[in-house]
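Notes follow the structure.
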Amino acid sequence: KNVSKVYENGSTALDNVCLTINDGEFVLICGHSGAGKSTLFKLLTHEVTPDTGVVIVDEFDVTKMKRSKIPKLRRKLGVVFQDFRLLPNKSVAENISFALEVIEEKPKVIKEKVAHVLELVGLSDKANDLPEDLSGGEQQRVAIARAIVNRPSVLIADEPTGNLDPNTSKGIVDLFKHINNFGTTVIMVTHNMDIVTYLNKRVIELKDGRVL
């Protein structure tokens, strides 16, 4: 609600932005470079806070959040980045289980959950491979598996197909649709108009920090 963000160098990233994304929706955030997409993404994950306005994710008021509550918020969010951010010296299964070890999940539960998400993303046979042994599309699937292993209520993806070819991109987008069908809210930041057309979902377009 009425969110504005100006960075220290004086550039306005967001200018009085108001928007609502409903539970279970699949929404695309679009706009050219510098439109404010990444700032919006960072506001939801509490990487940055707004100068004015309110950001509410689930029941959390992210704007006034105490530091101690941030891990609780991030457990509700699954986050997927353009550059995958996998740990190079850990296997596929270890990369995914890492997200559960951090919150001190029981080893037996970790094993079950990792096996389940690997099957969901179609990589059951790659559990012991290292990221360098995988294609770009497979690495992105591992990143998605890691993001959803906690069963988050919201999945946020920042240009998840940015480094992938069109065919691979389509497969990744289909996977997001599949996850959305389970009731997970999906927010995807993209500037790829082919993806926008293919998905045919609600689009929130930003320009110069405002919602068009």
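Measure out, as a whole number of angstrom, how far apart the alpha-carbon centroids of the stretch 1-39 and the stretch 57-113 sit.
So the separation of the two Cα centres works out to 23 Å.
If you roll a 1.4 angstrom probe over the protein chains with everything in place, what fraction of the accessible area of the chain belongs to carbon and sulfur, to the nearest %?
Using a 1.4 Å probe with all protein chains present, the chain comes out at 47 percent carbon and sulfur.
Determine the gain in length on full extension of the stretch Asp165-Arg202; use 0.36 nm per residue of separation and subtract their C-alpha separation, reporting nm with one decimal.
So the chain would gain 11.0 nm between Asp165 and Arg202.
What is the helix-to-structure angle for 136-148, meaning the angle in degrees between its Cα long axis and the longest Cα principal axis of the chain, kept from 0 to 90 and rounded to the nearest 10?
So the inclination is approximately 80 degrees.
Tell me the angle of helix 107-120 to the major Cα principal axis of the chain, expressed in degrees between 0 and 90 and rounded to the nearest ten.
The helix 107-120 is inclined about 80 degrees to the chain.
From the P(r) of the chain, can you give the percent of Cα pairs sitting at distances over 25 Å?
39 percent
With +1 on each Lys and Arg Cβ and -1 on each Asp and Glu Cβ, and nothing else charged, work out how big the dipole of the chain is about its Cα centre, in Debye to the nearest 20.
Using Cβ point charges on Lys, Arg, Asp and Glu, the chain gives about 720 debye.
Could you report the chain's accessible area per residue, 1.4 Å probe, as an integer in Å²?
54 Å²
The values are calculated or read from the model by the stated rules, or taken from the named source; none is laboratory data. All values reported here derive from a predicted model rather than from experimental measurement. Note: ideal-geometry Cβ built from the backbone for every residue, glycine included; neighbour counts use all protein chains shown. Calculation scope for accessible area: heavy atoms of the full protein, side chains included, ligands and nucleic acids excluded. Shrake-Rupley method; radii C 1.70, N 1.55, O 1.52, S 1.80 Å.
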